[in-house]
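*Asks:* Sharing a structure with you now.
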Amino acid sequence: MRLRRRTARPAPEQPEVKASRYNPWVHELEAASFWVVATRLPAMIALALGRAWRASRIDTLATVGLNLGAGVASAAGLLAVSGVLEELFAAGPTPDRVRDALPALLVVAGAALVRGALSAAAGWAQARLEPQVERAAELELFDLTSRMRLEAFDDSDLADAMYRARDRGVGEVARTVTCAIDILNGVISLLAVAGVLTVLHPLLLGLLVLTVVPDGWAAARAARLRYTRIRELTTTRRRQYIIGALLAERQSAAELRSYNMRTFLLAEYTTIADHVRAVLLAVALRQTRVRVAGDAAGGIAAVATYCALGVLLLSGSMPLAVAGTAVLAIRQGQGSLAQLLYSVNFCYESALFFNDFLEFCHQARTRLPAPSSGVDPGELRELTARGVVFAYPGDEERPVLRGVDIVLRKGEIVALVGENGSGKSTLARLLAGLYLPHQGTIAWNGTDTADLDPEKLRDRIGLISQDYTQWPLSARRNITMSADSDDGRLLRAMRLSGADAVVGELEDGLDTLLDKRFVGGADLSGGQKQRIAAARGLYRRADLVIADEPTAALDAKAEKRLFDTLHAAAQDTTVLLITHRLASVRMADRIYVLDHGRVIEHGTHDELMAIADGRYRDLFSLQADAYTGIAGRAEPPDPALPGAAAG
Ligand SMILES: Nc1ncnc2c1ncn2[C@@H]1O[C@H](COP(=O)(O)OP(=O)(O)OP(=O)(O)O)[C@@H](O)[C@H]1O
């Protein structure tokens, strides 16, 4: 199959490629004038320098101080040059003029030497500062991402903002600092040139500005064109990155091959990459047009400047020696002003991306949990959910939980059952304090969990999650989930979950790295991973163990052992068990049946089995029939299933 199409590509299918639909503010940004954004620049520079100051005071002081020194040396050198020229253009024999110019020449040389030394030292300080600023920005970002409320990760706008902040924002913090310092530098050398020009003829300063402004405008316009397009492409590039990872990462490698997904994914990637390329090429064209216009205007202004100089010369208002100095100063001034505008422009572009970083940090801060009350929940006696309503972000009109009431008392085993998508895992996450209900309350010993210290609360809960993560850490850390480990508890948790057999087969036992992407790393089977995840939940000294489908990948022996363990643990721990294996919940003290976010039945196994046409009874009988082979309750085969018609 040909992946590349030479002809014009039709509009891409993927909705995320139609970026403007998702980024209406891009047009607002485009509409904002350069000056509107430029007025924000000083504040951005101050923010960037503030970050530099916090990252390293010494290096910030050294960078700013040494650059200032270099700027002053450069100004002194320029003034001395005009002194040299003055002497050289003066009347008298040439050897005398050269001799008279010598002191000023020495100043020029000395200034150049000092400037060079200070610039080198400033460069070194700046090079030290940048990684420190970047590191601080990265740490700030990850501090926020790891503290945000869990539901923030379900918000696609925030995901875009996070991508932008991570992709470019973090790096641009340091660059904004560098640019800010370059601007300071540029201002100093420009002041020096302006001073010289003003002394020579006040008109020259105006002419100098005239020659550089068009270039500056063009550079700024080009930068903003690029930024708005890159911003517009955020979702698209995030999608491109995700598909690229699927094509290149180990986790998806086997499935990609077994389903022959290569061609499909490459085509998808190409469509997106083509779209990104087309947008960037269009930007490049627009940028070139803008730059050509700027250069043309700048050229006209330069011609006008030299014409004005000629007029001044011809009219006798300016002596030849002064005109010579003026040409030199104008050329140096053009260089300085162009450098300054370049720095401003660079800073402006960096600041736009730096703003992304700030914007994400701001958004993330609004998603942080409320300041902790510090209230210790205390040992669990009773956990209740009353009238709990919860919807995921973006789906507010379709709540996943719609007025759930449940109760768990100390030492009980409580089971949640129900069909896929009925809301069991969501309820478990709310009970674990990972989400807060939108309506209703979850109370730990009668106190709303929202009023308790969330970390202390989570310390009392062991969550054996359905979507467990295998961390790129040693087997030990994968179970203890912290730097310290209590060997007694660790061995017990491993024995109860069956993880001891898994670890026993690893080359370095508990010290084996559970990540095959690194040298010496090991890979585990699905069931082995689940045993490790179960050990993780059991290792905690928890009042409440929430086991969400803890045995889906376990073999029959390991499953029985884990359920026995959970039942045994319930002597002094409360257990919330979510499972589709209904045989395992028979012994539960209470079973809640969820359907579309509501509790439709609850009671003991016997009570629920006594409800004629009850949902639990139905599900239980269905599973029991599958084992006992009683055909009486079996439904007729679905005609849509393969082989059904033949049967
Ligand atoms: N992070 C999320 N963002 C948006 N919707 C979600 C999210 N997680 C789950 N849902 C939706 O919430 C509903 C309930 O999901 P939940 O995982 O709680 O069901 P469940 O009963 O545990 O299902 P299963 O038995 O398949 O594990 C589903 O419709 C699911 O699509």
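*Asks:* Students often get this wrong: which residues of the range 370-391 have the backbone nitrogen under 11 Å from the point 7 angstrom along Cα-to-C-beta of Thr447?
*Replies:* Counting backbone N atoms under 11 Å from the label point, the list is 373-379.
*Asks:* Once amide H atoms are built 1.01 Å from N in the peptide plane, which residues 5 or more positions from Leu463, or in another chain, come under 5 Å H to H?
*Replies:* Answer set, sorted by chain and number: Ile546.
*Asks:* Could you tell me the distance between the Cα centroids of the range 313-345 and the range 90-141, to the nearest Å?
*Replies:* Using only Cα atoms, the two centres lie 20 Å from each other.
*Asks:* If you take the beta carbon distance between Asp625 and Ala370 as r and set R0 to 41 Å, what does 1/(1 + (r/R0)^6) give as a FRET efficiency, to the nearest 0.05?
*Replies:* The formula returns an efficiency of 0.25 here.
*Asks:* Angle, helix 526-539 long axis vs. longest principal axis of the chain, Cα atoms, 0 to 90°, nearest 10?
*Replies:* 90
*Asks:* Follow-up question, since we're still on this one. Local charge sum around Asp215 (other residues, Cβ-Cβ under 12 Å, Lys/Arg +1, Asp/Glu -1)?
*Replies:* Net local charge, Asp215 excluded: +1.
*Asks:* Report, to the nearest whole %, how much of the accessible area of the chain belongs to carbon and sulfur atoms, 1.4 Å probe, protein only.
*Replies:* That share works out to 58 percent.
*Asks:* Can you give me the C-alpha center-to-center distance between the range 232-261 and the range 142-173, rounded to a whole angstrom?
*Replies:* Using only Cα atoms, the two centres lie 20 Å from each other.
*Asks:* Cα axis of helix 170-200 to longest principal axis of the chain: angle in degrees, 0 to 90, nearest 10?
*Replies:* 10
*Asks:* Shifting gears a bit: At a 4.7 angstrom Cβ threshold, list every cysteine in the chain that has nobody to pair with, or say none.
*Replies:* Cys307, Cys361
*Asks:* Across bins of 10 angstrom width beginning at 0, how are the C-alpha pair distances of the range 503-546 distributed, in whole percent?
*Replies:* Binned Cα distances yield the sequence 25, 47, 22, 5.
*Asks:* Residues with amide H under 5 Å of Val400's amide H, sequence separation 5 or more or different chain, H placed in the peptide plane at 1.01 Å from N; which?
*Replies:* Hits under the 5 Å cutoff: Phe390, Ala391, Tyr392.
*Asks:* What does the accessible area per residue of the chain come to in Å², with a 1.4 Å probe and no ligands, DNA or RNA counted?
*Replies:* Here the residues of the chain average 51 Å² of exposed surface.
*Asks:* Then there's this: Using modelled backbone amide H atoms (1.01 Å from N, in-plane), which distant-in-sequence or interchain residues come within less than 5 Å of Arg590's amide H?
*Replies:* Under 5 Å from the amide H of Arg590: Ile413, Ala415.
*Asks:* Still on this structure, I have one more. Out of the GluC sites (Glu not before Pro) in the range 396-458, which ones are loop residues according to DSSP with at most 11 other C-beta atoms within 10 Å?
*Replies:* In loop regions of the range 396-458 (DSSP not H, G, I, E or B), the sparsely surrounded GluC sites (Glu not before Pro) are Glu396, Glu397.
*Asks:* Which ³J(HN,Hα) values, rounded to whole Hz and listed in residue order, are derived for the range 465-470 from phi using the Karplus coefficients 6.51, -1.76 and 1.60 in 6.51 cos²θ - 1.76 cosθ + 1.60 with θ = phi - 60°, glycine and proline given as x?
*Replies:* For the range 465-470, the Karplus-derived couplings read 7, 5, 9, 6, 10, 9 Hz, x marking Gly and Pro.
*Asks:* Give the angle, between 0 and 90 degrees and rounded to the nearest 10, that separates the Cα long axis of helix 487-497 from the longest principal axis of the Cα atoms of the chain.
*Replies:* 60
*Asks:* Quick one: what are the phi-derived ³J(HN,Hα) couplings along the range 453-463, Karplus 6.51/-1.76/1.60 with θ = phi - 60°, whole Hz, x for glycine and proline?
*Replies:* These are the phi-based 3J(HN,Hα) values: 5, x, 5, 5, 5, 5, 5, 8, 10, x, 9 Hz.
*Asks:* Report, in whole Å, the centroid distance computed from the Cα atoms of the range 62-81 and the range 484-554.
*Replies:* Their Cα centres are 63 Å away from one another.
*Asks:* Net charge near Met481: determine it from the other residues with C-beta under 13 Å of the C-beta of Met481, scoring Lys and Arg +1 and Asp and Glu -1.
*Replies:* Around Met481, the charge tally is +4.
*Asks:* Whenever you get a sec, line up Asp589, Asp572 from highest to lowest accessible area (probe 1.4 Å, protein heavy atoms).
*Replies:* Ranked list, largest accessible area first: Asp572, Asp589.
*Asks:* Go through the range 233-245 residue by residue and turn each phi into a ³J(HN,Hα) via Karplus (6.51, -1.76, 1.60, θ = phi - 60°); whole Hz please, and just put x for glycine and proline.
*Replies:* 8, 3, 4, 4, 5, 5, 5, 4, 5, 5, 5, x, 5
*Asks:* Can you give the calculated 222 nm mean residue ellipticity of the chain, where each DSSP H run of n ≥ 4 adds -39,500 (n - 2.57) and the sum is split over every residue, rounded to the nearest 500 deg cm²/dmol?
*Replies:* -21000 deg cm²/dmol
*Asks:* Also: Would you rank Lys424, Lys410 by solvent-accessible area, highest first, keeping every protein chain in place and using a 1.4 Å probe?
*Replies:* So the residues, ranked largest to smallest area, are Lys410, Lys424.
*Asks:* Can you give the FRET efficiency for Thr604 and Ala568, using 1/(1 + (r/R0)^6), R0 = 22 Å, r = Cβ-Cβ distance, to the nearest 0.05?
*Replies:* That pair, Thr604 with Ala568, gives E of 0.70.
*Asks:* Now a separate question. Among Tyr435, Asn185, Val414, which residue has its Cα furthest toward the positive end of the charge dipole of the chain, with +1 on Lys/Arg Cβ and -1 on Asp/Glu Cβ?
*Replies:* In the chain, that residue is Asn185.
*Asks:* On to the next question. Using a 1.4 angstrom probe on the protein heavy atoms only, could you order Trp124, Trp444, Trp217, Trp53 from most to least accessible area?
*Replies:* So the residues, ranked largest to smallest area, are Trp124, Trp217, Trp53, Trp444.
*Asks:* Among residues other than Leu256 whose Cβ falls under 11 Å from its Cβ, what is the net charge (Lys/Arg +1, Asp/Glu -1)?
*Replies:* Here the charged neighbours net out to +1.
*Asks:* OK, next. Mind checking which of Leu313, Gly387, Ala326 is farthest towards the positive end of the range 292-411's charge dipole, using Cβ charges of +1 (Lys, Arg) and -1 (Asp, Glu) about the Cα centre?
*Replies:* Sorting the options by dipole projection puts first Gly387.
*Asks:* Which one of Phe518, Val503, Leu490 has its Cα pushed farthest toward the positive end of the charge dipole of the range 462-526, where Lys and Arg give +1 and Asp and Glu give -1 at the Cβ?
*Replies:* Highest projection toward the positive end goes to Leu490.
*Asks:* Could you compute how fast the chain diffuses translationally, taking Rh as the Kirkwood radius over C-alpha pairs and applying Stokes-Einstein at 20 °C with viscosity 1.002 mPa s? Give it in µm² per second.
*Replies:* Calculated translational D: 69 µm²/s.
The values are calculated or read from the model by the stated rules, or taken from the named source; none is laboratory data. Quantities reported herein were computed from a predicted structural model and do not represent experimental measurements. Heads up, the Cβs are rebuilt from the backbone with ideal geometry, glycines too, and the neighbour counts pull from every protein chain shown. The area values use the complete protein model at the heavy-atom level, side chains included, leaving out ligands, DNA and RNA. Shrake-Rupley method; radii C 1.70, N 1.55, O 1.52, S 1.80 Å.
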